[in-house]
1. Does Val392 meet the test of being assigned by TED's automatic domain parsing to the domain that holds Leu267, outside any helix (DSSP H, G or I) and surrounded by fewer than 20 Cβ atoms within 10 Å (Cβ to Cβ)?
2. Taking segment 354-368, which residues are in contact (Cβ under 8 Å) with a residue 60 or more places away in the chain and either under 16 Å from Arg242 (Cα atoms) or surrounded by fewer than 21 Cβ atoms within 10 Å (Cβ to Cβ) (or both)?
3. Going through segment 221-235 one residue at a time, which ones are in contact (Cβ under 8 Å) with a residue 60 or more places away in the chain and surrounded by 24 or more Cβ atoms within 10 Å (Cβ to Cβ)?
4. So Val253 clears everything in (1) aliphatic (A, V, I, L, M); (2) surrounded by 18 or more Cβ atoms within 10 Å (Cβ to Cβ); (3) closer than 27 Å to Pro375 by Cα except one condition, right? Which one?
5. Starting from residues that are at pLDDT below 90 and charged (D, E, K, R), keep the ones in segment 266-310 and report whichever is nearest to the chain's Cα centre (by Cα).
6. Could you grab the pairs with beta carbons closer than 8 Å, sequence gap of 6+ or different chains, first residue in segment 110-134 and in contact (Cβ under 8 Å) with a residue 24 or more places away in the chain, second one charged (D, E, K, R) and surrounded by 13 or more Cβ atoms within 10 Å (Cβ to Cβ)?
7. From the list Arg343, Arg412, Arg405, pick out the single residue that is part of a helix (DSSP H, G or I) and either without any contact (Cβ under 8 Å) to a residue 12 or more places away in the chain or not assigned by TED's automatic domain parsing to the domain that holds Val221 (or both).
8. Sort through Thr377, Thr387, Thr339 and tell me the only one that's touching a helix residue (DSSP H, G or I) at 6+ places or on another chain (Cβ under 9 Å), among the polar types (S, T, N, Q) and surrounded by 21 or more Cβ atoms within 10 Å (Cβ to Cβ).
Amino acid sequence: MTVTWTLPLRLLLALGLGLVVGLERETAKSVRGRLVFGGIRTEPLLALLGFAAACLQLMGVPFAVPAGFGAVAFLAALSYATKLRTHHPERSPGVSSELSGLLTFVVGALALLAEPWLAAALGIGNALLLSEKARLAALVRRLEKQEFLAALRFVLVTFIVLPILPDRSYPPFALNPADVWQLVILVASIGFVGYVLTRRLGERRGLTLVGLVGGLLSSTVLTVSMARRARAVPAIAADALRAAVLAASVMYVRLLTFAALLDARVLPALSWRLALLGAIGAALAPQWERHGVQPSTEDTVGTFSTPSPRPASPRNPFELGPALAFAAVFVLLSVGTATVRARAGSTGVMAVAAVAGAVEVDPFILAMLRAPDAPVTQVVAAILIATLTNTVAKGAYFAALVPARRRAATWRYGVWALAHVPLLLGLR
């Protein structure tokens, strides 16, 4: 049913939004016991004043809305001046109440002059920001500078760089700069999820959680990091191996997400294979050992007295250098794969998959998923070969760096790699 926004309905909207903000301000007065601009009567009156000014403007009274806004701004300035004279010397008087009153006036005017959703959004947003002051302040206290800079870089690569890139394909390899940058944003966004979880929970929950969320960043990098720490602190070798295996298991979930977003035609053949390989990896992860350390970063917990080193902070996924490097590698692999496919056919593509998988699977697999002319069977086979060689490489990294766990790492990663073979042979 379509609602016709008549004049009475718009008046009720302005009054209702003013009441919502006024109720919040009245609650703040009673809880904090301080001077607050606005209240259960003042805020609705400000909204009605804005609505009346808008009516006068529509009737031909010039500058009715600016004049009304100026009058409210004058009252807000008087209120703030009073707070400056009476506030505690060690506490800075906020200006949010006065700004909220000005916004309430604007909301009242917009309820008549603009679309109702705009007035409603501004009014409700006004009330929410006022009521959630404590939570917002706590969030700011917990927010670290590195996380803030990561968010700014996300805004940069998404809303500033992407719009200025050409959105067309360039021959002979049909490379689209906008599409390439969208892949950078996709990979960085998934990595950012793991980054935030690791920063917030990793040091408290231990190596297992670091492994699970680290797989969203880069399971290869995390495997090498875990192996180096296990080499430095042999007591955590079993836990480090578990984290590395779990991170590699999460890699299959990450790759399945890429496939679903970029090339849904491969899902019938690829989804159950990747899901099975991820489950096999999770089953191969070693269990906790009582003679090791508990998966916690506390110095002592219960009967475990061996200190556990704190997980290393993950690299900020929105550093522009790595983002540009990823884009360059993706372009090179796209060109190389297209060239090899044209000259050497499927055999050449599989050779590229084996080599690329030994280093990092994401750029190559994304290049395959962005090749619409590649047969589905070829894409799925290339992805499985890349993950197979990547599994072998990670096992070799861990076994070489942690001699104490060489046997455990070798058979686990070996069994996991062999599990790829029947899935490859089953392709038709």
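The values are calculated or read from the model by the stated rules, or taken from the named source; none is laboratory data. These figures come from a predicted structure and were not determined experimentally. Methodologically, a virtual Cβ is constructed for each residue, glycine included, from the backbone with ideal geometry; neighbour enumeration extends over all protein chains shown.
1. no
2. Selection gives Val359, Glu360.
3. Scanning segment 221-235 gives Thr223, Met226, Ala230.
4. (2)
5. My answer is Arg310.
6. Correct list of pairs: Ala111/Arg10; Leu112/Arg10; Pro116/Arg10; Ala127/Glu24; Leu130/Glu24; Leu130/Arg25; Ser131/Glu24.
7. Within the list Arg343, Arg412, Arg405, the selection yields Arg343.
8. Criteria check complete, one pass: Thr387.
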